[in-house]
Amino acid sequence: MSLFAVGLRSTPDDLLAILGIAIALSAYLSGIRLYARQRIADIPENDPQKEERKRKIQIKLAWLTLADAPMVFSAFLLGLTVLWYPVTGFRPYASFVPLGMGLFLFAGVAMVIQHILAWYDTLSELIDHVALNIMLVMLIVAGVLWWIFLYLEQH
């Protein structure tokens, strides 16, 4: 919530930092998109499962769009906020910052969820489900302990 509050009463330096992160993440997501599209193009024409393989990649691309599109629009709105006044001399719309920050937050959450699901898929292929469940419980316990120590340190 503090990141969102920073965006509402932010300086151009704060917005430039967040804009830089949004642009970097947009480039990252674009690279993944280009790689996936190349994988579709690399499927041989005579492959009997071509349509099924192509469809699986397209579904993954659709899920990627849940993070990619809001991140691009966030970068656009935050970029307009930072550059609008120096270029045109007009004040940007007040709604650009909260909307850009909200899109940034939504895209970030979507990326985290997608990464967790990808990690789970990868680990479930490599590790027995019992071991995977033990690892997940250990991660949850570590997260709770980390949160407790942070809470205690602040109070």
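Could you please let me know if W119 is among the hydrophobic types (A, V, I, L, M, F, W, C), surrounded by 10 or more Cβ atoms within 10 Å (Cβ to Cβ), closer than 28 Å to L66 by Cα and out of contact with any Ser or Thr (no Cβ under 8 Å at 6 or more places or on another chain)?
So W119 passes the test.
Read through the list (1) closer than 30 Å to D13 by Cβ; (2) in a helix (DSSP H, G or I); (3) among the small types (G, A, S), then give the number of the only condition that A62 fails.
(1)
So if I check each of F73, F96, which one is within 26 Å of I21 (Cα to Cα), under 13 Å from the mean Cα position of the chain (by Cα), surrounded by 11 or more Cβ atoms within 10 Å (Cβ to Cβ) and of a type in the set (F, W, Y)?
Matching residue, one of F73, F96: F73.
Look at region 23-46 and say how many of its residues are touching a helix residue (DSSP H, G or I) at 6+ places or on another chain (Cβ under 8 Å) and in a helix (DSSP H, G or I).
Number of matching residues: 11.
Of the numbered conditions (1) assigned to a helix (DSSP H, G or I); (2) modelled with pLDDT under 85, P92 satisfies every one except a single condition; which is it?
The failed condition is (1).
The values are calculated or read from the model by the stated rules, or taken from the named source; none is laboratory data. It should be emphasised that the depicted structure is a prediction, and the values quoted were computed from it without experimental measurement. With ideal geometry, Cβ positions are generated from the backbone for all residues, glycine too; neighbour counts draw on all protein chains shown.
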